[in-house]
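The values are calculated or read from the model by the stated rules, or taken from the named source; none is laboratory data. As the structure is a computational prediction, the values presented were derived from the model and not from experiment. As a convention, Cβ positions derive from the backbone with ideal geometry for all residues, glycine included, and neighbour counts pool all protein chains shown. Side chains included, ligands, DNA and RNA excluded: accessible areas come from the protein's heavy atoms. Shrake-Rupley method; radii C 1.70, N 1.55, O 1.52, S 1.80 Å.
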Amino acid sequence: MPDQKLDYLILGPAPPFRGGIAETQYELALHLEREGRKIHLFSFLKLYPKLLFPGKAHKTKEIIGSPSFGITSTLHAFNPQQWRKVVKQINELNPKYLIFRYYTPFLAPLYGWIAKRVNQEILKIALVDNWIPHEKSPIDNVLNRYFGSKMHAFTTFSKAVANQVKKEIILPVWEGFHPINSFLPAPISKLEARKKLGWNPQQKIVLFFGLIRPYKGLELLIKAFEKKYLENENIVLKVVGECYENPKKYTDLVNQLGLQSRIEFDFEYKSVTGIQTCFSACDLIAQTYHTATQSGVTPLAYFYNKPLLVSDIEGLATPIKKDQTGHCVQKNPKAIAAGINELFDTKKYLKIQDNLKKSLPLYQWKNWIIQWTDFIENLKP
């Protein structure tokens with residue numbers, strides 16, 4: 001019996017690259033395989049030049065699984081001399097569907113060049129995390145349009161991103177949701193987690209988690225802890241995540257406001273075991289972003305049963321309002337502080353935790369995969 005034809009060849013960062021894109025790339029392949037599709041991943045040899053990468057490392061040593069599908073490190077984001085080799089590899093594999101994981105216009109030249117030159121019988125699908133970048137440049141629209149002109153269809157992880165794509169691209173667009181990763185370690189007791197971290201077991205802890213970038217509005221959350229806004233000094237803030245800008249911007253603000261006893265920073269990137277400990281230890285997740293189309297932090301909060309305080313913007317607020325799993329507030333310190341106080345009301349807090357438990361099954365990867373493949377596999381070439 002001949003080997004099964006490759007169904008999906010998926011381009012984008014995959015483990016051991018770190019971060020949410022690589023982790024969900026792994027989950028995507030894993031659950032496609034569980035649904036009976038034959039899968040292969042093309043990951044990167046080189047992703048960003050050092051000058052453009054603000055982080056400390058591209059890759060992690062932590063292993064999240066032992067996949068039976070193949071992962072080939074062959075993509076080079078900024079060396080066109082390598083691209084012809086990738087086209088040859090794709091044509092040899094000759095998949096039914098070629099998936100481009102698109103989250104920055106920086107990848108448009110690579111992806112567009114490849115898409116134009118592969119076998120034209122292959123259906124080319126974009127899977128878009130971000131369409132309009134958080135940190136914009138004058139050529140973003142040109143790059144997005146170039147990439148979009150090479151695709152047959154677009155798929156997304158949120159309504160907000162789908163709407164952005166629809167405004168610029170006249171192609172089929174599928175609106176998805178952000179699934180909850182299956183490899184996350186189970187919650188541990190709050191007391192055990194706080195003991196590991198050295199966090200006070202008596203305090204009410206708000207957690208700001210993830211890569212720290214200007215669009216995420218951490219300064220708004222810090223200012224919300226001023227006494228004129230948030231008088232309860234037993235409520236404290238833990239900021240955990242690698243800083244993609246100068247951390248002095250935030251440490252100086254804390255010092256200026258005299259909040260050293262109420263706000264603590266840990267500027268180290270956290271892998272899955274760190275996620276388990278931090279989310280188990282806290283009481284509340286805060287996402288006071290200026291802009292967003294979705295967030296990988298939200299499904300973490302759902303998994304670890306932590307109520308959310310988010311900015312009232314479409315990309316963050318949509319699931320929170322639908323599921324009643326937190327509060328959506330205006331982007332100012334006074335409103336943020338009022339939202340924190342309200343969430344710590346015992347009856348409301350317990351009700352939200354119950355809503356989180358009820359909503360959890362809606363965001364499983366299996367559900368996402370069934371809907372996504374139904375859309376793709378019913379497209380007309």
**Study point:** Single unsatisfied condition, Pro381 versus (1) modelled with pLDDT under 95; (2) under 30 Å from Pro172 (Cα atoms); (3) in contact with a helix residue (DSSP H, G or I) (Cβ under 7 Å, 6 or more places away or on another chain)
**Key:** (3)
Check your understanding: Taking the stretch 65-112 only, how many residues are among the polar types (S, T, N, Q), over 14 Å from Leu47 (Cβ atoms), open to solvent by 50 Å² or more (accessible area, probe 1.4 Å) and in a helix (DSSP H, G or I)?
Key -> 1
Check your understanding: Ile376: under 30 Å from Leu6 (Cβ atoms), surrounded by fewer than 16 Cβ atoms within 10 Å (Cβ to Cβ), at pLDDT 95 or above and among the β-branched types (Val, Ile, Thr), yes or no?
Key -> no
**Study point:** Residue satisfying condition, being of a type in the set (Val, Ile, Thr) and open to solvent by 20 Å² or more (accessible area, probe 1.4 Å), within set Thr346, Thr325
**Key:** Thr346
Point to revise | Residues of the stretch 320-342 that turn out to be assigned to a helix (DSSP H, G or I), closer than 19 Å to Ser295 by Cβ and in contact with a helix residue (DSSP H, G or I) (Cβ under 6 Å, 6 or more places away or on another chain), as a count | key: 2
Practice item. Evaluate the following for Phe209: is it out of contact with any Asp or Glu (no Cβ under 9 Å at 6 or more places or on another chain), buried (at least 19 other Cβ atoms within 10 Å of the Cβ), closer than 17 Å to Phe279 by Cβ and among the aromatic types (Phe, Trp, Tyr)? Key: yes
Revision key, fill the gap. For the stretch 325-348 the number of residues that are over 21 Å from the mean Cα position of the chain (by Cα), among the polar types (S, T, N, Q) and farther than 15 Å from Leu218 by Cα is 2
Review point. Looking only at strands (runs of 3 or more DSSP E) that fall completely inside the stretch 246-319, which ones have 1 or more residues that are surrounded by 23 or more Cβ atoms within 10 Å (Cβ to Cβ) and touching a residue at least 40 places away in the same chain (Cβ under 8 Å)?
Key: 284-287, 308-311
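Residue by residue, here is whether (1) modelled with pLDDT of 95 or more; (2) more than 25 Å from the chain's Cα centre (by Cα) holds:
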{"residue": "Glu192", "(1), (2)": "yes, yes"}
{"residue": "Pro201", "(1), (2)": "yes, yes"}
{"residue": "Leu218", "(1), (2)": "yes, no"}
{"residue": "Leu221", "(1), (2)": "yes, no"}
{"residue": "Phe225", "(1), (2)": "yes, yes"}
{"residue": "Asn232", "(1), (2)": "no, yes"}
{"residue": "Arg262", "(1), (2)": "yes, yes"}
{"residue": "Gly296", "(1), (2)": "no, no"}
